[in-house]
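Beneath this line is the structure, given in structure tokens, with notes to follow.
The values are calculated or read from the model by the stated rules, or taken from the named source; none is laboratory data. Nothing here was measured: the structure is a model prediction, and the numbers come from that model. No Cβ is skipped: glycine too gets one built from the backbone with ideal geometry, and neighbour counts run over all protein chains shown. Areas reflect the complete protein model, heavy atoms only, side chains present, ligands, DNA and RNA absent. Shrake-Rupley method; radii C 1.70, N 1.55, O 1.52, S 1.80 Å.
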Amino acid sequence: MYLQRRNRILRRSSAIRSLIAETHLTPDDFIVPLFIDEGENIKTEISSMPGYYRNSLDITVKEVKELWNMGLKSVLLFIKCKNEFKDNKGTEALNPNGLMQRSIKAIKDAVPEMLVMTDVALDPFSSYGHDGIVEGEEIVNDATVEVLAEMSVSHAEAGADFVAPSDMMDGRIRAIRKALEESGFTKTGIMSYSAKYASCFYGPFRDALDSAPGFGDKKTYQMDFHNRIEAIRETIMDVKEGADIVMVKPALAYLDVIREVKNAVNVPVSCYNISGEYAMIKAAAKMGWIDENKAIVETLTSMKRAGADLIATYFAKDAVRLLG
């Protein structure tokens with residue numbers, strides 16, 4: 001008696017496993033999220049994200065130069081707006097001399113080839129901490145979309161390569177594309193957060209930007225985590241409205257959705273390895289329960305294996321070092 005097929009033959013050495021591996025991570029896969037604060041020479045560790053920082057613009061520029069030298073080619077910008085500039089209309093988001101606009105210009109001046117993506121949502125600028133304009137206790141859609149379109153044009157004027165609307169308002173991709181085209185920004189891309197779920201894993205991010213909702217939650221505009229088919233519908237609509245790249249967020253608990261989206265669309269698919277996912281690995285590693293380096297590579301590989309062409313992750317620098 002003999003076995004016609006011995007599958008373990010292809011697993012017996014590191015050389016064989018590497019030779020036939022189906023999924024490979026490279027620095028080209030990663031988008032690096034950056035948190036930016038006002039001031040100079042400020043580097044503040046985010047307490048719920050050990051090893052990750054909110055930096056002033058001067059330090060951010062140095063960080064971007066380091067990222068580029070490591071082979072990382074894309075950054076996604078988030079800014080911390082001062083409380084005195086927050087209101088219910090996102091006024092500061094449209095300030096041509098605002099922190100986001102200054103950050104885009106400074107990064108493009110320092111590293112012109114770096115691909116600069118910008119967060120488009122009102123929550124960092126909102127006195128309510130919501131992604132849209134509030135009336136009573138409702139986050140209103142259409143008035144918010146108008147501001148998001150203006151905000152996108154403002155980012156394009158500053159030099160952004162891609163705007164990344166993360167708000168989940170209906171119709172905002174069509175409005176943003178129309179506004180960009182009418183303003184002459186025909187080369188500015190849109191990376192849409194097409195399937196963004198109302199998740200419990202966002203907590204550390206909201207610590208980073210002081211952007212937690214002041215009342216209620218975000219379940220009336222972000223997606224219900226019970227749903228899969230809805231994500232496909234949302235994503236296909238965004239592609240039809242003009243999205244160049246689509247995103248699934250979060251990533252780790254939504255690998256099935258990443259695969260479904262990948263199978264449904266013919267544009268690049270990104271995912272966001274979010275703050276809570278980062279914090280869980282950091283916490284478990286600190287307790288000695290897992291090997292942090294192995295967990296980083298394994299989880300990021302799972303996202304690419306699921307179908308993500310691009311991964312926004314706080315582990316980008318660590319991953320590049322580990323991948324050699």
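Subtracting the Cα-Cα distance of C200 and M287 from 0.36 nm times their residue separation leaves 29.1 nm of extension gain. Shape class for the range 56-96: prolate, because the ratio a/c of the largest to smallest gyration tensor axis (alpha-carbon atoms, square roots of eigenvalues) is 1.5 or more and a/b beats b/c.
In the structure shown, the pairs K86/K249; K196/K286; K105/K187 are assessed against 21 Å; a Cα-Cα span above that value is assigned to K86/K249; K196/K286. Taking the accessible area of the chain, probe 1.4 Å, and keeping the other protein chains in place, the carbon and sulfur fraction comes to 50%. Only DSSP H runs of four or more residues enter the estimate; each adds -39500 (n - 2.57), and after division by the residues of the chain the mean residue ellipticity at 222 nm equals -12000 deg cm²/dmol.
The protection proxy used here, the mean number of other Cβ atoms lying within 10 Å of each residue, ranks peptides 219-227, 309-317, 295-303, 51-59 as follows, highest first: 309-317, 295-303, 51-59, 219-227.
Each residue, L3 and R321, gets one label point 7 Å from its Cα in the Cβ direction; the gap between the two is 4.0 nm. For the options S14, S47, S199, a Gaussian network treatment of the chain with springs between C-alpha atoms closer than 10 Å singles out S14 as fluctuating the most.
Computed from the Kirkwood radius of its Cα pairs, the Stokes-Einstein diffusion coefficient for the range 130-253 at 4 °C and 1.567 mPa s stands at 86 µm²/s. Between A15, N97, F201, the Cα set farthest toward the positive side of the dipole of the chain (charges on each charged residue's Cβ, about the Cα centre) is that of A15. Once the C-beta distance of D224 and D109 is scaled by a Förster radius of 30 Å, the resulting FRET efficiency is 0.10 to the nearest 0.05.
Calculated accessible area for the chain comes out at 47 Å² per residue, all protein chains present (probe 1.4 Å; ligands, DNA, RNA ignored).
Taking the charge dipole of the chain about its Cα centre, with +1 at Lys and Arg Cβ atoms and -1 at Asp and Glu Cβ atoms, the residue from V116, A143, V265 reaching farthest to the positive side is V265. For the residue pairs K65/K304; K73/K218; K178/K218; K219/K317, the C-alpha atoms sit more than 30 angstrom apart in K73/K218; K219/K317. Bridges between two residues of the chain, per DSSP, are antiparallel at a rate of about 15%.
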